[in-house]
Each structure stands twice: as C-alpha cells, then as structure tokens.
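Chemist: Structure below; questions to follow.
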Amino acid sequence: MKTTQFLNTRLMTRALVIPAIGILGIAAVACGSDSEASNNPGERTIYLQATEQDARRGVDRTEFPQHTRDAHPGLFGPADDPFESAGSGGYYLFMTSEDEWRVGSYMYLPQEIIAYKGEEITLEILGVRGNQHHSILVDPDGERLDDVNVERGGLHTMSFTADKAGIYELVCADHQPTMTTYIHVLEQ
Ligand SMILES: [Cu+2]
C-alpha cells in the first residue's frame, strides 16, 4: 500500500509540475518576444547568402550554346575559345571538357528585400559559393555606406539605418551584372 501511495504522490506531483513548467515556458517566451519588440522597435536582421546557381550538361544531351557566347562575349568571354571562362564575372558559360559544358551565375539571396524608413538594419551575409565577393553597400543617392569582402565560409555583418526612402543596393563588384541585392525602403 505504501508503494502505491508513493507512486500516486509521484504521479500527482508530475501531473501538477509538468503543466506548471509548460505555462512558465509559454510565459517566458511571450515575455521574451514582447520585451525584445518594445526595447528595439526598429531593429532587424536580414540573413543573406553569397551564392550561385549552375548546371552542367553533357554535349551528348545538349549541344554547347555557342550562339550565346557569340552574341555576348562581354558577359561570357571570347567566343572563339569556349573553354575560357571570362567576361563580366556574374555569368559563366564554358566547356569544362570535350564532353561537358557548364552555365551559371552568381547572386545574393534574397535579391529583393522590403524595409521601412527608420529601421536599423543588419545584413548578416554567409559566404557559401564563390571564393570572394568584394561588395559595397550604397544608399538611394549612391553614397557608399560600407564595404565588405565576403569569403567562402565567412559570416559578415553590415549595419546601417535606413534613413532614406528609396533603394539601397548591396553590390558585388566581382560578379556583375547579376550579383546585387536591392533593399526597397518604404515610407512608414
Ligand atoms: Cu560576388
């Protein structure tokens, strides 16, 4: 009987304690988010990746698109040497071997961001693909606010106050015209 009483007491204690912990947990979460919001009303972190999208294709499946190299040597490199990857840096399209070609472009993700005037914004940028990305942040008047070199495996932060309505740009100088993120700052 004593054992049963002990077990019953244990079960009763658990039955009371577990919901109490649950309620405290919910209250703590609610307090946490409330206090953060009220202390820092205009602060915001935006998470970006420096990355690329690409594809490889065998010439047995799809012929090398030489016409694209012919039409845009400034973007892809010399049309007469499809093995050389050159041009603007943002795009690439070249033969990797006699049997295969590769196409792709570099970018920041996300590429378009909406923000509001007065927000204190931190960009947290992870270098995922591409060795390095020498980038600048400019405001809607073209004024340079900051610069950073995002290296593969690095996590970099840039902070600014969006005090002008308009479009702020994070521009990678190594990979144009494709690697720019536009931060559209709207009036509140
Ligand atoms: Cu880049």
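Chemist: Please list, by residue number, every one of the GluC sites (Glu not before Pro) in region 117-178 that is coil in DSSP and has at most 12 other beta-carbon atoms within 10 Å.
Modeler: Taking region 117-178 and a limit of 12 other Cβ atoms within 10 Å, the loop GluC sites (Glu not before Pro) found are 143.
Chemist: Still on this model: For a quick check of your reading of the filter: which trypsin sites (Lys or Arg not before Pro) in region 44-96 sit in a DSSP loop and have no more than 15 other Cβ atoms within 10 Å?
Modeler: 61
Chemist: Within region 146-188, whose backbone N sits under 18 Å from a point 7 Å along Cα→Cβ of residue 120?
Modeler: Residues 146, 157-164 qualify, since their backbone N sits under 18 Å from the label point.
Chemist: I'd like the chymotrypsin sites (Phe, Trp or Tyr not before Pro) in region 57-111 restricted to DSSP loop residues with at most 16 other Cβ atoms within 10 Å, sorted by number.
Modeler: Within region 57-111, the qualifying chymotrypsin sites (Phe, Trp or Tyr not before Pro) (loop, at most 16 other Cβ atoms within 10 Å) are 83.
Chemist: Give the order of 72, 175 when sorted by the count of other beta carbons within 10 angstrom, beginning with the fewest.
Modeler: Ranked by crowding around the Cβ, least crowded first: 72, 175.
Chemist: Here's another thing I want to ask about it. Rounded, prolate or oblate for region 96-158? Axes are the square roots of the Cα gyration tensor eigenvalues, ordered a ≥ b ≥ c, and the cut-off for rounded is a/c under 1.5.
Modeler: Judged from the Cα gyration tensor, region 96-158 comes out prolate (a/c at least 1.5, a/b above b/c).
Chemist: Using only the alpha carbons of region 52-106, determine the length spanned along each of the three principal axes and report them from longest to shortest in whole angstroms.
Modeler: 28, 25, 15
Chemist: When the chain is fully extended, how far beyond the present Cα-Cα distance does residue 98 get from residue 146, taking 0.36 nm per residue of separation?
Modeler: 12.9 nm
Read-outs throughout are calculated quantities, based only on the coordinates presented, and are distinct from any laboratory measurement. Here the structure is a predicted model, which means the values were calculated and not measured. Quick reminder, even Gly has a Cβ in these numbers, built from the backbone with ideal geometry, and neighbours come from all protein chains shown.
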